[in-house]
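The values are calculated or read from the model by the stated rules, or taken from the named source; none is laboratory data. Since the model is a prediction, treat every value here as computed from it, not as a measurement. Methodologically, a virtual Cβ is constructed for each residue, glycine included, from the backbone with ideal geometry; neighbour enumeration extends over all protein chains shown.
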Amino acid sequence: MNRQLKTLRNWHAFRIALAALLLCVMSNLWAQNAKWQLPAFGGQEVEQVVVDPQDDNIIYAGLWRETDTTAIYKSYDGGMTWQPLPVRNRRVTSIAIDPVDTRNVYAGFFSDGALKSEDAGSTWFEIPVHPGFGFTYFSIDPFRSNIVYCNLDPVEEVRTLKSTDHGLSWKNISPAQTSGDQATPVAIHPRNSDILYTKANQLNKSTDQGQTWQLIGQPFQSINFILLNPFCPDTVYVFGGSKLYVSFDGAQTWHAPVLLPHKIWQASVSSKNKNMIYAAGWVAKGGAGGVLRTLDGGSNWENFSLGLPTASVWSIATSRDSDILYAASDSGLFRYHVSSAVMNNKPQTPRHFILFQNHPNPFGHGSSLQGKLRTVITYQLTNENVLPVSLRIFDINGQEVRVLYMGLQRIGNHVIDWDGKDRFGYEVSGGVYIYRLHVGQQSTSKKMLLL
């Protein structure tokens, strides 16, 4: 009996030791893989990277081109492969995707105007923004996407333009005393899009969509980028020179500036953690640290550049539903998979919608409603705010079959039919299909079977 007990104890100790060894090995493997990877455009200057607000697999990349080569590319598989779009010999400074109708895409260029696509990048046409010298940036109202803002390097007191017809015509709404250096994108309040922040020599704020502006008296060193936290929208971050200025009350009061190791061009808040912010910046020759990260809302920053070459990073994008980051740099487009343990260290955002199972399911000609091939998809919105909503059908391989709805909707129950046809009006073959509902920045999916 004692020998058996001793054997069991030894076996138990061996299992504990083995588990500890495996954990150590897995931790080391993760640590080796936890770095930026180069998926595309090695050695080329990538200026912009943008993730589709409704589909993490769709990404646009804009390059700085001074020869007759492709300037904008699109990926359908999360950045693994890229397709050239018909935009050439342009120096891309901005790409913006309509959050309500993602087929509308805007592209701004250095000293070369702007283009718009209404078919997700397949074709493009010129839009009449001010043909100024320098950088061009677009920002789109998240609730009324017919409203688009364009910020330019100042030319003849023109800095900020506004369109109310999806970019077809523009009005000058620049604050007074518009002057200064390089433009920055207009920052739009994520819950009340009447509130705007823009740079015009110093920081200006509007509470009426740009009709009037209030000059913020804080003496910023300079202004390179303005960021609003979507979890706490009255939290305003102003990156200026090598300093970060933070206000928690909508730019009324400001905390002492935080010193940063270098100048920041763009920043993004994680979609899963309000305190996690990534910042992309300029790196001097021989320096390091093109990407910085904070885990405490901006008080302390760490170098987050393992795997990146010594290169400036001009743009950084975070995916909505996955844990992938993208960095556009002087040396190509880089990709990073964030640890789920870090990403999940966050307060849970309440979901303000319910997606129900389609009916009938399975469905086909034998189970048709009113003699027609049809299934009904029902969902309920519980948020009192008007939100951008889309309902899409995908095949089992993740290829989009059809967009059933895309627009703004209010609280209540919503019912949409699908007749088993694709976007071209052809009946699809039998099999498993996925219907995905996006509401604001959240989404959910369910499966259905077509016989």
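Are any of the residues in segment 80-98 touching a strand residue (DSSP E or B) at 6+ places or on another chain (Cβ under 7 Å), crowded, with 19+ Cβ neighbours inside 10 Å and either on the phi > 0 side of the Ramachandran plot or of a type in the set (Phe, Trp, Tyr) (or both)? Within segment 80-98, one or more residues are touching a strand residue (DSSP E or B) at 6+ places or on another chain (Cβ under 7 Å), crowded, with 19+ Cβ neighbours inside 10 Å and either on the phi > 0 side of the Ramachandran plot or of a type in the set (Phe, Trp, Tyr) (or both).
Of the strands (runs of 3 or more DSSP E) lying entirely inside segment 407-451, those containing at least 3 residues that are polar (S, T, N, Q) and either out of contact with any Cys (no Cβ under 9 Å at 6 or more places or on another chain) or in the same structural domain as Asp52 (by TED's automatic domain parsing) (or both) span 442-450. Return a yes/no flag: does segment 276-287 have any residue that is at pLDDT 85 or above, surrounded by fewer than 20 Cβ atoms within 10 Å (Cβ to Cβ) and not hydroxyl-bearing (Ser, Thr, Tyr). Scanning segment 276-287 turns up no residue that is at pLDDT 85 or above, surrounded by fewer than 20 Cβ atoms within 10 Å (Cβ to Cβ) and not hydroxyl-bearing (Ser, Thr, Tyr). When every residue of segment 312-321 is checked against the conditions, at least one turns out to be of a type in the set (Gly, Ala, Ser), in contact with an Asp or Glu (Cβ under 8 Å, 6 or more places away or on another chain) and either at pLDDT 90 or above or not in a loop (DSSP other than H, G, I, E, B) (or both). Among the residues of this structure, Pro233 counts as one that is in contact with a Pro (Cβ under 6 Å, 6 or more places away or on another chain), touching a residue at least 40 places away in the same chain (Cβ under 8 Å) and surrounded by fewer than 16 Cβ atoms within 10 Å (Cβ to Cβ).
Working carefully through the options Ala107, Ala120, find the one that is within 21 Å of the chain's Cα centre (by Cα) and part of a strand (DSSP E or B).
On the way: Ala120 fails: part of a strand (DSSP E or B).
Answer to the selection: Ala107.
Of all residues in segment 206-223 being assigned to a strand (DSSP E or B) and without any contact (Cβ under 8 Å) to a residue 40 or more places away in the chain, which is farthest from Phe143 (Cα to Cα)? Only one residue tops the list, namely Gln214.
One line per residue, one yes/no per condition, for (1) closer than 30 Å to Asn229 by Cβ; (2) of a type in the set (Phe, Trp, Tyr); (3) free of Cβ contacts under 8 Å to residues at least 12 places away in the same chain:
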{"residue": "Leu408", "(1), (2), (3)": "yes, no, no"}
{"residue": "Gly412", "(1), (2), (3)": "yes, no, no"}
{"residue": "Val415", "(1), (2), (3)": "no, no, no"}
{"residue": "Asp419", "(1), (2), (3)": "no, no, no"}
{"residue": "Val428", "(1), (2), (3)": "no, no, no"}
{"residue": "Tyr435", "(1), (2), (3)": "no, yes, no"}
{"residue": "Ser443", "(1), (2), (3)": "yes, no, no"}
{"residue": "Lys446", "(1), (2), (3)": "no, no, no"}
{"residue": "Leu449", "(1), (2), (3)": "no, no, no"}
